[in-house]
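Colleague: Here's a structure for you.
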Amino acid sequence: MSERKVLTKYYPPDFDPSLVGRSRSSKSSKPTGPKVQTVRLMAPFSLRCSSCGEYMYKGRKFNARKETPPDERYLNIQIYRFYIRCTRCSAEIVFRTDPKNQDYAVERGAKRNTEPWRRGLEGELEETDEQRLDRIEREMAENDGEGPGAEERNAMAELEQKTADAKREMAVADALDEIRSRNARLEKAQREGGVDVESVLGGRGLTEEEERRRREEEEDAEAARKAFEFARLQQRLVEEGPEEDGMGLGLPVTTNGGGSSSSSGSSSAAAGDGPSVTSTTTSSSATAPAPKAAAATDMPPPSFKRQVKKKKDHSALLGIKKKTPLV
């Protein structure tokens, strides 16, 4: 047995190269028919063989011949034709692509199974020009209100219009009733209490509920204003410090020379009646605003300092005895 890949070939002694003919293929010798290829495909739809009645479902694989006819096109889209054989009787089945309907069409050898979602589609696809014109005219007539289906649409439109008109009339009647009741209330108030209608209208004619709400809002605003004013007063007192508070309230100021200040005060009082009267007047005038400041400081100022909680000693609960430090 000779090797498959060799560098030299065996030529017999009686070999004559002139007897070996080589035919050159020319363009004229090529087949002029449609291009045919062998492909592997799946059935694009369920079909039934017309020869033996065998059902072949969508997705079944076949070894098919793909034909590309050069003169069959739709809007410059190439149409392909496929040849398969029945799995039972080997009858030839032919189908092609249908670019117009984005589908496939069976030509011979089988019949496409009924598909519920395609019912009525074949008739629409085979619609002629006259049928299409008639359908367009019928649709235009229905839109203009002349066809049989236009009467039902007109009735529905009339019913919707009547409903909208009734709602609008009810809203207008409610508004008129409210205006009449308001005018009657104003006239009654003018007759009984001598209230000027113009002044009431200038005050926007508020109802009792609106007046009560307005009073509540004013009270809330006044309470908030007082609270903020009190907070600002407390903040100012805290910022001034205890020394300035003592001086403003006429309290004795304690300094390093406290004994000397008290002794000087006693000596000035003992010196004569004139200075004592002057000191009494000064002290009384200084202590005059004390009640107001005391009333302002009744509530303690808010403190925003962080309070550090002392940790509890759980060592006794766990049975841990701590040794006393020697130092």
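The values are calculated or read from the model by the stated rules, or taken from the named source; none is laboratory data. Worth saying up front: this structure is predicted, and the values here are computed from it rather than measured. Don't worry about glycine lacking a Cβ; one is built from the backbone with ideal geometry, like all the others, and counts go over all protein chains shown. In case anyone asks, the SASA skips ligands and DNA or RNA and just uses the protein heavy atoms, side chains included. Shrake-Rupley method; radii C 1.70, N 1.55, O 1.52, S 1.80 Å.
Colleague: Using beta carbons and a limit of 7 Å, which pairs, at least six apart or on different chains, have the first residue in the range 55-74 and more than 14 Å from Gly109 (Cβ to Cβ) and touching a residue at least 12 places away in the same chain (Cβ under 8 Å) and the second one open to solvent by less than 90 Å² (accessible area, probe 1.4 Å) and among the basic types (Lys, Arg)?
Modeller: Sorted first by the residue in the range 55-74, then by its partner, the pairs are Glu67/Arg81; Pro69/Arg81.
Colleague: Could you please give the count of residues in the range 154-181 that are farther than 30 Å from Ala141 by Cα and open to solvent by less than 90 Å² (accessible area, probe 1.4 Å)?
Modeller: Result for the range 154-181: 8.
Colleague: Restricting to strands (runs of 3 or more DSSP E) lying wholly in the range 51-113: which have 2 or more residues that are of a type in the set (Phe, Trp, Tyr)?
Modeller: 81-85
Colleague: Which members of the range 117-139 meet the condition of being modelled with pLDDT of 65 or more and open to solvent by 80 Å² or more (accessible area, probe 1.4 Å)?
Modeller: Trp117, Asp129, Glu130, Gln131, Arg132, Leu133, Asp134, Arg135, Glu137, Arg138, Glu139
Colleague: When you look at Glu146, is it out of contact with any Cys (no Cβ under 8 Å at 6 or more places or on another chain), more than 30 Å from Asp103 (Cβ to Cβ) and modelled with pLDDT under 65, yes or no?
Modeller: So Glu146 passes the test.
Yes or no, residue by residue, for (1) closer than 19 Å to Gly33 by Cα; (2) open to solvent by less than 30 Å² (accessible area, probe 1.4 Å):
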| position | (1), (2) |
| --- | --- |
| Lys61 | no, no |
| Asp71 | yes, no |
| Ile84 | no, yes |
| Thr87 | no, no |
| Ser90 | no, no |
| Arg96 | yes, no |
| Lys100 | no, no |
